[in-house]
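Working notes, beginning with the structure itself.
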Amino acid sequence: MIEKPITLSLPSAQRIIDAEQQAPNGARVFVGYMRRYAKSFTQTFKREVDGIGRVLYARARDFSGPNSKFVNESGTFQVKNTDFPDGAGEERQKRLQVLFEEAFPGQPITQDRIQFCRFLGSLGSHDISLMREVLGFPESVAGVSANEPFYSAIFNYKNRTSGEPFSVTYESGIDGVPDFDAHLAVYGEKKRVMIKYDSPYVKGLPIKVTVQELNESGEIETREMLGSYEDAYTAELQELFECLRNGKEIKTTARDAMEELRLYDMIYERWNKDRA
């Protein structure tokens with residue numbers, strides 16, 4: 001099991017895939033995108049989105065707020081290990097430098113590029129992974145805004161059935177307001193569906209799906225659903241057991257995670273063009 005993101009560069013992801021293919025005893029890689037295993041997502045949200053028909057617009061947002069406040073007041077009480085071997089920090093920096101050079105080949109490894117890369121690998125990996133599972137892979141990147149600590153992008157999409165175009169806004173950032181606002185919203189002609197995630201640093205917080213739609217009488221109806229109170233990490237670990245012990249097909253594979261990095265490269269390319 002590899003926690004998200006699988007890595008920060010496409011060549012590094014390919015090395016992981018190559019190692020998986022050569023591993024003895026059928027060993028496999030499971031990438032820890034816990035939001036994609038929450039029952040409110042796998043059952044409720046995806047079912048309701050399927051009923052939208054033509055997608056007109058979508059939004060992926062992750063404004064996380066100060067994680068320390070959620071952790072310090074929730075009884076989580078992190079224990080920070082102190083048993084790292086001498087030189088581990090230096091080795092980590094060397095490995096990171098290699099990944100940055102692979103993520104930005106032939107480009108100066110500036111502080112803004114490092115910040116952007118690390119940001120996409122943290123918050124961005126959750127949002128973009130959810131987006132890909134529900135909407136597929138975008139056709140192109142229309143624009144990018146990178147202003148630390150907030151990052152935005154607009155993706156060009158086509159509906160899977162009709163081929164008609166729509167846009168998806170990705171917006172993510174960290175501020176000092178203690179409100180964890182992470183959601184994916186999909187808009188159709190007569191129906192809107194949103195799944196909202198609360199802080200993962202407090203176990204068992206509800207993941208709710210809200211539906212707004214126009215009924216047959218021309219009235220606006222709002223429904224709120226909760227697929228399960230089961231923690232998303234618990235659901236993820238149960239899925240991991242089924243995959244590794246009972247041979248169930250893995251959804252969040254290394255090759256699936258590699259698509260994230262392919263999109264990151266498209267974002268960097270658009271960002272470079274916009275700044276030229």
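Cα axis of helix 254-275 to longest principal axis of the chain: angle in degrees, 0 to 90, nearest 10?
90 degrees
Over 24 Å between C-alpha atoms is what I'm after, so list which of Lys158/Lys248; Lys94/Lys203; Lys4/Lys196; Lys4/Lys190; Lys208/Lys251 land there. Write out the running numbers ahead of the final one.
Details: Lys158/Lys248 31 Å; Lys94/Lys203 34 Å; Lys4/Lys196 19 Å; Lys4/Lys190 35 Å; Lys208/Lys251 22 Å.
Over 24 Å Cα-Cα: Lys158/Lys248; Lys94/Lys203; Lys4/Lys190.
How would you rank Ile2, Ile195, going from fewest to most other Cβ atoms within 10 Å of each one's own Cβ?
Ordered from fewest to most neighbouring Cβ atoms within 10 Å, Ile2, Ile195 come out as Ile2, Ile195.
For segment 1-88, compute the orientation-averaged projected area of the C-alpha convex hull (one quarter of its surface), in nm².
11.1 nm²
Among Met1, Met266, rank each residue by its count of other Cβ atoms within 10 Å, from fewest to most, as a rough exposure measure.
The fewest-first ordering by Cβ neighbours comes to Met1, Met266.
Percent antiparallel among DSSP beta bridges with both residues in the chain, to the nearest 5?
Within the chain, antiparallel bridges account for around 85 percent of the total.
In degrees, nearest 10, range 0 to 90: what is the angle between the Cα axis of helix 232-246 and the longest Cα principal axis of the chain?
70 degrees
How far, in degrees from 0 to 90, does helix 88-103 lean away from the longest principal axis of the Cα atoms of the chain, to the nearest 10?
60 degrees
Rounded if a/c is under 1.5, else prolate if a/b is larger than b/c, else oblate: which is segment 94-201, with a ≥ b ≥ c the root eigenvalues of its Cα gyration tensor? Walk me through the intermediate numbers first.
Working: a/c = 2.34, a/b = 1.43, b/c = 1.63.
Because a/c hits 1.5 or more and a/b fails to exceed b/c, segment 94-201 counts as oblate.
Under 1.5 on a/c is rounded, so check that first for segment 174-217, then, if it is not, pick prolate when a/b is larger than b/c and oblate when it is not; a ≥ b ≥ c are the square roots of the alpha carbon gyration tensor eigenvalues.
Prolate shape, in that a/c is at least 1.5 and a/b is the bigger ratio.
Any chance you could list the semi-axes, whole Å, largest first, of the equivalent ellipsoid that the Cα gyration tensor gives for the chain, using √(5λ)?
Whole-Å semi-axes of the equivalent ellipsoid: 31, 24, 21.
Rounded, prolate or oblate for segment 183-276? Axes are the square roots of the Cα gyration tensor eigenvalues, ordered a ≥ b ≥ c, and the cut-off for rounded is a/c under 1.5.
Oblate.
When Phe116, Phe137, Phe84 are ordered from fewest to most other Cβ atoms inside 10 Å of their Cβ, what list results?
With the sparsest Cβ surroundings first, the list reads Phe84, Phe137, Phe116.
Need the list of lysines near Lys80 for cross-linking: C-alpha distance under 17 angstrom, and skip anything on the same chain fewer than eight residues off.
Lys69
Since every read-out is calculated from the coordinates, none of them should be taken as a lab result. Small disclaimer: the values here were computed from a predicted structure and weren't measured. Because the Cβ atoms are built from the backbone with ideal geometry, glycine has one as well, and the counts that use them run over all protein chains shown.
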